[in-house]
Amino acid sequence: MTTLVKAWIVLVALTLAAMAAGAVEGARVPAVAQVGIVLVVAGLKASTVLRYFLGLRTASSGWRVLFALYLVVLCGAIFAIYAAGSALAAYPPLASGPMP
Amino acid sequence: MTLTPTHRESVDATSQTADWGPLSGLPGNPMIWILILGEMAVFGALLLGFSVARVLDPATFAESQLHLHRLLGGVNTLVLVSSGFLVAAGVGRRQEGRDPRLLLLAGMLLGVVFLAIKGVEYSELFASGFDIETNTFFRLYFLITGFHAVHIVLGLAILGIVLFADSIENLETGAAFWHMLDMIWVMIYPIVYLVR
């Protein structure tokens, strides 16, 4: 089996897992943890596309670091935004209360 | 300005011998990578903007997201990663000196299927009374997915061109743009459809 076929199987499997997780109604895990898991899976899929479909695994280490940084920073920033949002929602006085 | 044969040769020679610095180390024509890096920045900003807007109005976003067709969004992810696989396999065949066209055409066909499914999603939303003016969620949903779909049309056009001008560099160039769209969609799908 070629590397390309393996990469495709990984992408399909991760997508099916994400679809199954998305189809489950009701929170089994805390919302922030769910966001974190979804973002990690998305980042792994994006990284698989870049490395194996685009062939970046043979590019220079500088490019590989740059694209990895893009995914880590994007997913990390989105996670931080959601985490901050849920922290504010859990403590509404912090979000809307009067300043002391 | 029309290019005379002499001009054209000098342009070709320039693009082949020009020093593109670090961009020269990437597959395909370095010019496409300037576009790809720009698109990654734009879609990254859109997804960050979507996340900030969601935190500012979680109730509207949670309620609106229930109207999205999660199954079709997931099916479209499977369609696009499979299309990316076929295009990558096509480039691999060309690098081995074999005919890549059947694989490329199959990959393009899946690109058309992606657009058709997106059309079904849009028409269902329109029929239910949701459009770009409904609220911030739908404004961003249509903006992000519509912008991506327009790029899919452009990607199909590029693949259609390199199907005929099928030098290895051209194929790598068209495929690089296509895989960028693939990568962007695997980020859009979970953030817009799945994260609650």
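For the stretch A:39-55, does any single residue satisfy the condition of being modelled with pLDDT of 90 or more and either in contact with a strand residue (DSSP E or B) (Cβ under 9 Å, 6 or more places away or on another chain) or of a type in the set (S, T, N, Q) (or both)?
Within the stretch A:39-55, one or more residues are modelled with pLDDT of 90 or more and either in contact with a strand residue (DSSP E or B) (Cβ under 9 Å, 6 or more places away or on another chain) or of a type in the set (S, T, N, Q) (or both).
If you go through the stretch B:43-86, how many residues are touching a Phe, Trp or Tyr at 6+ places or on another chain (Cβ under 6 Å), facing chain A (nearest Cβ under 8 Å) and polar (S, T, N, Q)?
Number satisfying all stated conditions: 1.
Regarding the stretch B:89-110, can at least one residue be identified that is within 30 Å of A:Ala77 (Cα to Cα), away from every other protein chain (no Cβ under 13 Å) and of a type outside the set (Lys, Arg)? Give the steps one after another, and end with the answer.
Taking the stretch B:89-110 and keeping what is within 30 Å of A:Ala77 (Cα to Cα), we get none.
Checked against the condition, which is being within 30 Å of A:Ala77 (Cα to Cα), away from every other protein chain (no Cβ under 13 Å) and of a type outside the set (Lys, Arg), the stretch B:89-110 yields no hits at all.
Examine the stretch A:58-79 for a residue that is under 23 Å from B:Val91 (Cβ atoms), touching a Phe, Trp or Tyr at 6+ places or on another chain (Cβ under 7 Å), modelled with pLDDT under 90 and more than 7 Å from chain B (Cβ to nearest Cβ), and state whether such a residue exists.
no
What number of residues in the stretch B:95-135 are part of a helix (DSSP H, G or I) and closer than 22 Å to A:Leu11 by Cβ?
Residues in the stretch B:95-135 being part of a helix (DSSP H, G or I) and closer than 22 Å to A:Leu11 by Cβ: 19 in total.
Being touching a residue at least 40 places away in the same chain (Cβ under 8 Å) and closer than 30 Å to B:Thr60 by Cα: is that true of B:His151 here?
Working: touching a residue at least 40 places away in the same chain (Cβ under 8 Å): yes; closer than 30 Å to B:Thr60 by Cα: yes.
Answer is yes for this residue.
Consider the stretch B:167-196. How many of its residues are outside any helix (DSSP H, G or I) and either closer than 20 Å to B:Gly25 by Cα or more than 8 Å from chain A (Cβ to nearest Cβ) (or both)?
At the first step, the residues of the stretch B:167-196 found to be outside any helix (DSSP H, G or I) are B:167, B:195-196.
Among the residues that remain, those that are also either closer than 20 Å to B:Gly25 by Cα or more than 8 Å from chain A (Cβ to nearest Cβ) (or both) are: B:167.
Here the count works out to 1.
The values are calculated or read from the model by the stated rules, or taken from the named source; none is laboratory data. None of these values were measured; they are calculated from a predicted model. Cβ sites come from the backbone with ideal geometry, for glycine too, and all protein chains shown count toward neighbours.
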